[in-house]
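Scroll down for the structure; my scribbles are underneath it.
The values are calculated or read from the model by the stated rules, or taken from the named source; none is laboratory data. Quick caveat, the model's predicted, so the values are computed rather than measured. No Cβ is skipped: glycine too gets one built from the backbone with ideal geometry, and neighbour counts run over all protein chains shown. With ligands, DNA and RNA removed, areas are computed over all heavy atoms of the protein, side chains included. Shrake-Rupley method; radii C 1.70, N 1.55, O 1.52, S 1.80 Å.
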Amino acid sequence: MIEPVVLVHGGAGNIPTTRVQEKIDGVTKAAKIGYKRLLSGGSVIDAVEAAVNFMEDDIAFNAGYGSIVNLDGQVEMDASIMDGKNLQSGCLGALKDIKNPISLARLVMEKTPHCLLVGEGATKFAKSQNVPILPPGTLVTPVALEALEKWKKKGGIANTEIGPDQNPGSVGTVGAVAVDRYGHVAVATSTGGINGKMVGRVGDTAIIGAGSYADDNIGAVSTTGHGDTIIKYCLAHAIIKSMEKGLSAQDSTTKNIDTMTERLKNTAGAITISNKGEVGIGFSSARMAWAYQKKNELHYGIEHDQHCKELIEEEC
Ligand code: ASP
């Protein structure tokens, strides 16, 4: 029997010091919520969905409410979910006005013959499933609009590397991976994208093999960071492939992130779980918030070489 784990991240990037605590609070709560769902009879898919739903609703993260906006000031979100048991997956690109994209991605996986729906077609599918469409602009926050204005004044390329004096609203894609006692794994990733993105831009988070991958034979990975770079490197799948060749979850995560960054000169982060319950956490950005629960231990961090551990008192 494997010891179940739910591991989450809250986005890689140059997270301003003023936002560190809210990110840690968010990821630790999300890990506990996902773990509780898993231990109370939920599947690994239920666990990753619950953890990501919580972060989508938290304004501290760039997903769901609190997403960054495109150059026209609109929220367009990407999400993906994958079940390691059968490689079934559901993805969304440039999705508008849906409160919890990851739950709609799950419906794409479970109710359609397709892997990826985008834009208007995704909205049409949501309506067919009776998923509420929010009034336009509901997901747009003042922080995101301010971040766009600052980005426009400064110019430059769309990126996740955001300094404290620049775009506080742009860091914080969310993701979760989980393993149950039988070695089943799953992944879910959800984002508003990157600051300064063009209208209609779809990033790694919508793409299986780039933003998410899960295979019960090996493990599951959720990535974050500069999506256009992550797509070129197929980061999530590259990590899985290195594990298949024998690297540990941690070594495979670190090695692939470092190689991608060296080759393509952009940063990323990833969380990885193996089908044996081994954890991998890595990022080449300045910071990435992460947390996981295993038994009554809560592990978390946001800086390089930081690994905090707390015992959870309440029953799970
Ligand atoms: N990877 C996401 C994207 O490029 C952004 C992020 O992870 O912060 O859309």
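Numbers for the structure displayed
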{"quantity": "Residue that is modelled with pLDDT of 95 or more, of a type in the set (Val, Ile, Thr) and open to solvent by less than 10 Å² (accessible area, probe 1.4 Å), where the choices are 108, 69", "calculated": "108"}
{"quantity": "Residue in the stretch 76-89 that is of a type outside the set (Phe, Trp, Tyr), open to solvent by 10 Å² or more (accessible area, probe 1.4 Å) and closer than 19 Å to residue 281 by Cβ present", "calculated": "no"}
{"quantity": "Residue identified as in contact with a strand residue (DSSP E or B) (Cβ under 7 Å, 6 or more places away or on another chain) and surrounded by 22 or more Cβ atoms within 10 Å (Cβ to Cβ) among 257, 312", "calculated": "257"}
{"quantity": "Qualifying residue in the stretch 209-223 (condition: of a type in the set (A, V, I, L, M, F, W, C), within 16 Å of the ligand (Cβ to nearest atom) and free of Cβ contacts under 8 Å to residues at least 60 places away in the same chain)", "calculated": "yes"}
{"quantity": "Pick from the stretch 1-22, criterion open to solvent by less than 10 Å² (accessible area, probe 1.4 Å) and outside any strand (DSSP E or B), ranking: nearest to the ligand (Cβ to nearest atom)", "calculated": "15"}
{"quantity": "Of all residues making up the stretch 115-136, the number that are without any contact (Cβ under 8 Å) to a residue 12 or more places away in the chain and in a loop (DSSP other than H, G, I, E, B)", "calculated": "1"}
{"quantity": "Meets criteria (over 18 Å from residue 83 (Cα atoms) and under 16 Å from the mean Cα position of the chain (by Cα)) for residue 272", "calculated": "no"}
{"quantity": "Qualifying residue in the stretch 199-211 (condition: under 22 Å from residue 62 (Cβ atoms) and at pLDDT below 95)", "calculated": "no"}
{"quantity": "Residue match in the stretch 40-54 (condition: in contact with a Ser or Thr (Cβ under 7 Å, 6 or more places away or on another chain) and in contact (Cβ under 8 Å) with a residue 60 or more places away in the chain)", "calculated": "yes"}
{"quantity": "Residues (outside any strand (DSSP E or B), β-branched (Val, Ile, Thr) and within 16 Å of the ligand (Cβ to nearest atom)) located in the stretch 78-114", "calculated": "102"}
{"quantity": "Meets criteria (open to solvent by 10 Å² or more (accessible area, probe 1.4 Å), touching a strand residue (DSSP E or B) at 6+ places or on another chain (Cβ under 8 Å) and among the hydrophobic types (A, V, I, L, M, F, W, C)) for residue 249", "calculated": "no"}
{"quantity": "Residue in the stretch 296-304 that is open to solvent by less than 20 Å² (accessible area, probe 1.4 Å), farther than 15 Å from residue 177 by Cβ, in a strand (DSSP E or B) and modelled with pLDDT of 95 or more present", "calculated": "yes"}
